[in-house]
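Report on the following structure.
The values are calculated or read from the model by the stated rules, or taken from the named source; none is laboratory data. Everything quoted here is computed from the prediction, not taken from an experiment. Reconstructed Cβ throughout: ideal geometry from the backbone, glycine too, with neighbour counts over all protein chains shown.
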Amino acid sequence: MNAIDRLGASYRDPSGFVFRRDGELLRQINHSYRSDYGTLAESGLYRSIVEAGQLIEHEEIDAPLADPQTGWKIIRPRTLGFISYPYEWCFSQLKDAALTTLAIQKQALHHGMSLKDASAYNIQFDQGRPVLIDTLSFERYEDGQPWAAYRQACQHFLAPLTLMALRDVRLNQLLLTNIDGIPLDLASALLPRSSRLRFSLLMHIHLHAKMQRKHSVESQKPATSRKLGRTRLLGIIDSLESAIRKLDWQPRGTEWSDYYQDTNYSDAAMDRKRQIVSHFIDATAPASVWDLGANTGEFSRLASDRGIPTIAFDIDPAAVEKNYRRVKERGEKHLLPLLIDLTNPSPAIGWNNAERMSLPERGPADLVLALALVHHLAISGNVPLGHIARFLHRLARRLAIEFVPKNDSQVGRLLVVRKDIFPDYTQEAFEAEFGRYFVIRRQENVAGSSRIMYLMDRREGQ
Amino acid sequence: MTALGLQSLQVEGPRRPFALEICENVTTMTYHLAYLDPGTGSFLLQVAAGGLFGGLYVIKRFWRQAKGAIINKASAR
């Protein structure tokens, strides 16, 4: 008997569900979706959007159904190395995900189908580009039908992007507390009054919020007669697309985006650090790398340029934005920049706390880079060294970590306006605390600085 | 129109005043058997404002095609 593990996020749509069997990710298609699935292939839509890199491809396999009562077919989608969530994306990532969703919807209508949902969680980043991962998101378009996913498209994409562009880029974090997108009445209340002067925002957010509020308690099913013609539907989608295209946010003036210009590292020391990190990467030949506190991805690229799937995490929206724009400019396929506050990493959220995974649940990575990071966690964040070691033990099979001693001017800067309450922040304490969770394999001084680089292997059973 | 290849734009545009559209559609709307709750207000807004968006879309497409045709004609000379 093969154990079936149904994914926590895959329960809403009666068309099918995703599950794991013997570690393999599979999707069951239910009888109820048989007809739409046929149309997806026969209409040419599947081929068109897979070739455009907009939908994850799959193969049909002859395998036992996970639920024989409802099941009809099993497909095996190509799997992705890492699942990320909209609250971890920078502005341009969310914008690209939105535009991809709308482009897919236009293609779907062209082929006589329509997206029945427009969830930002159905989009993932694959080889640097957004891609739809839910093959069962399509239904046959019936002429005259309004778009069932219109509200979701506004809540998951337009509202957060508008708030980020016109109010504050950090408002994407509202997606963490609103799993089905930002409620439009909330977005309407938070947006500046001037947003009403933009016709598309006036309609899709402000008036939309008013209409929702007005009709929120209607339970009567109105009779049929008036319909929404195809051109009108295309007009709505075109308006959404154009509203989103016009939204912009420029990354400047935030915490770490100019860090490398501001650091006291000499060119020689930076070169030496690059050599050491490259050496650690080559020595460990990791299948995946997570760079924690990656800034704009300077060191992440030492891994991703070697073809290693690499995630560059940073707390600063401007740094992540700059990093993502560089990924796009260079057409990089192996680097994914993401927004993460390591002192408050993404939790498990949603129904049963199982719809969206916490950060540690998505690990461990083969190799974690923690460069110029520990002093920020220990001194700015007041996190004891032992706690940092225990946390990294959950994330990393191997760890390349930099210790920045107190005599380093960067640490001095952190202590300029506060009392030094960190007598245990020493190299000896660092090695002792990390030694409980990791075996220290190598240790290298960064010539031209007082910093030390370590390569460690995780101790199992901790 | 034909010379510019605009036959495809013979589509429905705005027909009634917007306020009237809203009033009419509150009582006469089609529901779809979606697995998501599409929201009554969201459905009503689409039906009510669809004519406006559709009209703008037609004008936009017409303008793009006309511009393209003029540019093509000019470059052919």
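Those helices (runs of 4 or more DSSP H) of region A:366-453 in which at least 1 residues are among the β-branched types (V, I, T), considering only elements entirely within it, cover A:385-395, A:409-414. Only one entry of A:T177, A:T162 meets the criterion of being closer than 23 Å to A:T101 by Cβ, among the β-branched types (V, I, T), touching a Leu at 6+ places or on another chain (Cβ under 8 Å) and at pLDDT 95 or above, and that entry is A:T162. You will find that of A:L385, A:L395, the residue that is over 26 Å from A:L302 (Cα atoms), under 29 Å from the mean Cα position of the chain (by Cα) and at pLDDT 95 or above is A:L385 and no other. Among the conditions (1) in contact (Cβ under 8 Å) with a residue 40 or more places away in the chain; (2) more than 22 Å from A:F91 (Cβ to Cβ); (3) under 13 Å from the mean Cα position of the chain (by Cα), the only one that A:S358 does not satisfy is (1).
Looking across region A:299-332, the residues that are free of Cβ contacts under 8 Å to residues at least 60 places away in the same chain, in a loop (DSSP other than H, G, I, E, B) and touching an Asp or Glu at 6+ places or on another chain (Cβ under 9 Å) come down to A:D305, A:R306, A:I308.
Taking the conditions (1) within 13 Å of chain A (Cβ to nearest Cβ); (2) under 18 Å from the mean Cα position of the chain (by Cα); (3) surrounded by 12 or more Cβ atoms within 10 Å (Cβ to Cβ); (4) at pLDDT below 75 in turn, B:R15 satisfies each one other than (3). Looking across region A:143-194, the residues that are within 14 Å of another protein chain (Cβ to nearest Cβ) and over 22 Å from A:I237 (Cβ atoms) come down to A:I179, A:D185. Reported count of residues in region B:46-72, each being closer than 22 Å to A:K227 by Cα and either free of Cβ contacts under 8 Å to residues at least 12 places away in the same chain or outside any helix (DSSP H, G or I) (or both), is 6.
Taking the condition of being surrounded by 18 or more Cβ atoms within 10 Å (Cβ to Cβ), closer than 27 Å to A:V18 by Cα and touching a helix residue (DSSP H, G or I) at 6+ places or on another chain (Cβ under 7 Å), how many residues in region A:324-355 meet it? Give the derivation first.
Taking region A:324-355 as the starting set, the residues that turn out to be surrounded by 18 or more Cβ atoms within 10 Å (Cβ to Cβ) are A:324, A:327, A:332, A:334-340, A:342, A:346, A:355.
Applying the additional criterion that residues be closer than 27 Å to A:V18 by Cα yields A:334-340, A:346, A:355.
Next cut, touching a helix residue (DSSP H, G or I) at 6+ places or on another chain (Cβ under 7 Å) only: A:334-335, A:337-340, A:346.
Number of matching residues: 7.
All conditions in (1) surrounded by 15 or more Cβ atoms within 10 Å (Cβ to Cβ); (2) closer than 24 Å to A:D282 by Cβ hold for A:F430, with the sole exception of (2).
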